[in-house]
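The block underneath contains the structure these notes are about, expressed in structure tokens.
The values are calculated or read from the model by the stated rules, or taken from the named source; none is laboratory data. Quick caveat, the model's predicted, so the values are computed rather than measured. Because the Cβ atoms are built from the backbone with ideal geometry, glycine has one as well, and the counts that use them run over all protein chains shown. Ligands, DNA and RNA are excluded from the accessible area calculation, which covers all protein heavy atoms including side chains. Shrake-Rupley method; radii C 1.70, N 1.55, O 1.52, S 1.80 Å.
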Amino acid sequence: EEEESLELNEQTLVQLKCNDPSVTALDAYFHFGRSIRNFDSCSIDWEKEGNCMGENTYVRSLSVECRLPSGEDDLAVENIESFYRAVSRNRSIKHLMIVDGCAIDEGDFFEILSPFLEHNSNLRSIVLWNFDMDAESSQLLVSILSRRSNGRSLRRFEFESNNMDDESAAKLIDAVAMHRNLKALSVRFDNDAKQWPVKLVNLLQNPPKLEDLNLGYNRIDDEAASVLVNAIANNNTLKTLSLESNERITASGWIAFFRSLRNVNSLESLDLCENDIDDEG
């Protein structure tokens, strides 16, 4: 298995260096301390080999998954930073997915990757899962999304943070709402959901292009649900809606929600599992 992994690594690196047009999707794994049968990116010296990512013109989809070893490893962090610096020069990637956090400080991540996120006009989707956001990194992300809004290229945005506060989340939704061609949005915040659900009204009504909205595993309550369903009731583009595991919405909140939802004609898929919906609801 280890020999196969090394062979796969060598072959993939050669293809990237040659700008092989057959390599249009890359899954970069930074899994330290274990052998895996994927592109083991932690074994690559990205400061030396970064041009194969930065100057690549055929990779359209990039997925990055990082698992740092227990304890600090400065060399590992520096290598991941070098990889992100290489990606920041790329302009061919359309779909970016960062899974299980970025493995470095989030503020540093957005500083390093800002040229790619702001100036890559080909970028269509951004997926950032399990990001640990403080006020500074939250503001950096908001600024980046605001500055690239004129490109109108973004179609999908998925973001999951375990500690972004309600005010920062509201600013993030405002920045996302500036992308008028956005068709899919998925957000998950670990906060009280007072301000940011209200900001979704702009995405649903001004002008409506959103087709897929995932608000699962948030802390939406009856008041926020009422605001959302009123906006959804006046929307004619939304096809998929998920409110999975929003347990702060009470039975009475769901009853009011469903009464308003009867006026929605465009909806094709509705996910409400793991909620407190009583028999009447």
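Of the accessible area of region 1-128, with the probe set at 1.4 angstrom, what percent is carbon plus sulfur?
Summing carbon and sulfur atoms, their accessible area is 43 percent of the total for region 1-128.
Could you give the length gained on full extension between residue 264 and residue 190, defined as 0.36 nm per residue of separation minus the Cα-Cα distance, in nm?
Stretched fully, the residue 264-residue 190 segment lengthens by 23.8 nm.
Any idea what angle helix 222-233 forms with the longest principal axis of the chain, computed on alpha-carbon atoms, 0 to 90 degrees, nearest 10?
So the inclination is approximately 90 degrees.
How do the peptides 230-240, 186-196 rank, highest first, by the average count of neighbouring beta carbon atoms within 10 Å per residue?
186-196, 230-240
Would you mind getting the accessible area per residue of the chain, heavy atoms of the protein chains only, 1.4 Å probe, in Å²? Working shown, then result.
On the way: 13330 Å² over 281 residues.
Value for the chain: 47 Å² per residue.
Hey, rough spin-label estimate for residue 22 and residue 121, points 7 angstrom out along Cα→Cβ, what's it come to in nanometres?
Distance between label points: 3.2 nm.
Check the straight Cα-Cα distances from residue 183 and name the aspartates and glutamates below 20 Å, setting aside those fewer than 8 residues away within the same chain.
Output for residue 183: 118, 158, 160, 174, 211, 212, 244, 268, 271.
Share of region 176-270's accessible area from carbon and sulfur, percent, 1.4 Å?
41
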